[in-house]
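What follows is calculated from the coordinates using simple rules that are stated; it is not laboratory data. A quick note: this is a predicted structure, and the numbers were derived from the prediction, not measured. For neighbour counting, all protein chains shown are included, and Cβ atoms are generated from backbone atoms with ideal geometry for every residue, glycine included.
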Amino acid sequence: MVIQHNLQAMNSNRQLGITTSNSAKSQEKLSSGYKINRAADDAAGLSISEKMRKQVRGLDRATDNSYDGISLVQIADGAMAEVHDMLHRVNELSIQAANGTMSESDRWDCQREIEKIKDEIDAIHDRTKFNEIPVLQGRTIVSDGVEIRPARMETVTVTEKVWRKIKVPKKEIQVSGGDLPEWFMNGVDQESLNAGVMKSTYQAGNGNTYVSTYIDLAGFDASKVSDLDGKGFYATCCAGCRARYSIKFSADSDTNSSTMSGNNRIYTVGIQGAATPGELMDRIRKATKGSSQLGNPNNHYTWFEKDGTKLIIYDSSGNGVNKASETGLFGLGVATEVVTGEEEKDVLVNETHQEEVRKDAEYAKIKTLLHNNIDIHAGTDADMLNKIFIELPYISTDALNMEDINVAAPGGAEESIRRMDYAIAYVSAERSRMGAYQNRLEHTVNNLANVVENTQAAESRIRDTEIAEEMVRLSVHNILANAGQSVLAQANQSTNGVTALLQG
C-alpha cells in the first residue's frame, strides 16, 4: 500500500474530466442549437456550411433585387396604362374633329384638350420614377426620322437561306495501278536526289482522268516499322512541272521534316508507333501536307489519298499531255472519276417568296432612339449570367410623334388619327415588353426560392443540432459523470487502510 500516489483516484479523475468535457459540449450544442459552434467541432463541415450560408444570404438578396425589379416594371406599366387612356382620348377627339358637322371653334376646343393631354404625357415622362430612377426615359433621341406618309401594304420579295436535301451525283475515283511491298525492299531511289522524273503513264487530260498508281499497305503492322527505316518511294508532279517528291521513313521518330535536293523535295516521315495501314497513310499524308490540305506536296497537282489499305497517288492537273508508254517505279495505272449513283446532301440554297408587309416606317416620324438599360442582379456570382437587363421604355410626345398634332388645321384631324395608330401600337409594344420582363422576374423569384430552400436544408443538416440525439448523449454523459464522482470518492477512501496500519 502506498500513500504518495493514489493511482485509482487519478484514473477516476481523468475519466471524470473527459465525461464532464463531453457533457459541457452537449449542453453547448443544445443551448445554441448548433452542433458546430467552433471550427474544432467539424473543420470540414464548418467550411461547407459557411459557403452555403454565403449562397443563401446572397440568394435572399437576389430575391429582393428581383422584387425591386418587378416593382420598377409595374410602375412603368401603370404609367403607360394612363398614357394609353390619354392616347385613346386623343384618337377619340381626332375622330370627332374630322366630322364635317364640327365648326372651326369646335375643332379648337378639341385641340385645347389635346394640348393638355400632351402636357400630361410629358409630365408623366418626367416625374415617373422608382428610387429616383426615371423609368420612362429609357432612350435618348439623337436624330429625326422620315417624313409622314400614309401607311400602306406592299408586296415584297423576301429571300432567305434554307437547308434543303438535294440529290447529287455520287462520284468516286476508281484506281488501277501497281503494287510495291515485299516490305519496301528498295530504299529511296537515288535518282530522286538528282534531277530525275518518276516514270508513269500519262493519260490525255479531260477533267476526269488522272495519272495514278497506288501502294497496297494491307500487310503493314507494328512489326514492319523497323523494316521501313531509311526506305521509301517517290512520286512526281505533271509533265509540265516535273517536280519529284521523295518519301523517306524514319523508325526512330514520330516527327516530320523536309529538305530540298536541287529542285526536288525529300520528306522524312516519322513512323515510330504506327501500327496499322491507316496510321501509316495518315503519317505520310500529314508529312506531305500543303498550306491547307493533307497529302498535297507544296500545293502542286500531286495528291495522296486513302482508299481502305491503299495509298492512292495521282496527278489531278488534267493537262492535255501526250501519252507515253513508260514504266513507273512500282507499276503504272489510271485513276478515273466515275459516277456510281446518287446521294442526298444538305445544301444551303436561296429561296424566295412573296410577302405583304405594312410600310409603317415610311409614315411614322420615328426618331432614332438609344436604349438605356437597368440591370437586376439575380444571383450570387459576379458574371453576366446573373444579370437580367431591363430595357427601359421611352414615353413622351416626341417619341409618340404627337408634338405638332393640330386637329383644328386643315387635314390635321385625319393626320392625327393616322398618328394615333402608331402611338397606341408603340405604347402597346412597350407595355408588352414590360409585362414579359415581369413574368421573367417572377419566374426568377420562384427559382431563387427553390434554391434557397434546398440549400438551407442542406446547410441545416450540417450545422444544426439534432436535439433528440444530443439529449440522449447528454443523459449518457450525466450518468457517467455521476458514476465517475462516486468511483472517485471511493478511490479517495482507499488510503484509510494505511492510516489504520500506522495507528496499530
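Quick notes on this structure:
- Per-residue extension of 0.36 nm, minus the Cα-Cα distance of Q74 and E50, leaves a gain of 5.0 nm for this segment.
- Q96 versus L501: modelled label distance in nm, points set 7 Å from Cα along the beta carbon direction: 12.4 nm
- Alpha-carbon radius of gyration plus Dmax, which is the widest Cα pair, for the stretch 11-103 in Å: 33.8, 116
- Charge sum, other residues only, whose C-beta stays under 12 Å from A98's C-beta, Lys/Arg counted +1 and Asp/Glu -1: -2
- Partners of K165 within straight-line reach, counting aspartates and glutamates whose Cα lies under 18 Å from its Cα and excluding those fewer than 8 residues away in the same chain: E342, E343, E344, D346, E351.
- Remark: M471, M52 ranked as M471, M52, counting other beta-carbon atoms within 10 Å and listing the fewest first.
- Remark: the Cα gyration tensor places the stretch 433-504 in the prolate category, a/c being 1.5 or greater and a/b exceeding b/c.
- Here r is the Cβ-Cβ distance between R112 and M384 and R0 is 51 Å; the resulting FRET efficiency, rounded to 0.05, is 0.50.
- N450/D42 FRET efficiency (R0 22 Å; Cβ-Cβ; nearest 0.05): 0.20
- The modelled label-to-label distance for the pair Q354/K165, using points 7 Å beyond Cα in the direction of Cβ, is 3.1 nm.
- Qualifying lysines (Cα of each under 27 Å from Cα of K387; at least 8 residues distant if same chain): K51, K54, K129
- Neighbourhood net charge (14 Å Cβ-Cβ; Lys/Arg +1, Asp/Glu -1) for V73: -2
- Placing unit charges on the Cβ atoms of the charged side chains and taking the dipole of the stretch 12-145 about its Cα centre, the candidate lying farthest along the positive direction among N99, V135, S66 is S66.
- Packing rank of 278-284, 44-50, where each peptide gets the mean count of other beta carbons within 10 Å, highest leading: 278-284, 44-50
- Summing Lys and Arg as +1 and Asp and Glu as -1 over all other residues whose Cβ lies under 12 Å from the Cβ of K289 gives a net charge of +2.
- Which of K289, K29 has the fewest Cβ neighbours within 10 Å, and the rest in rising order: K289, K29
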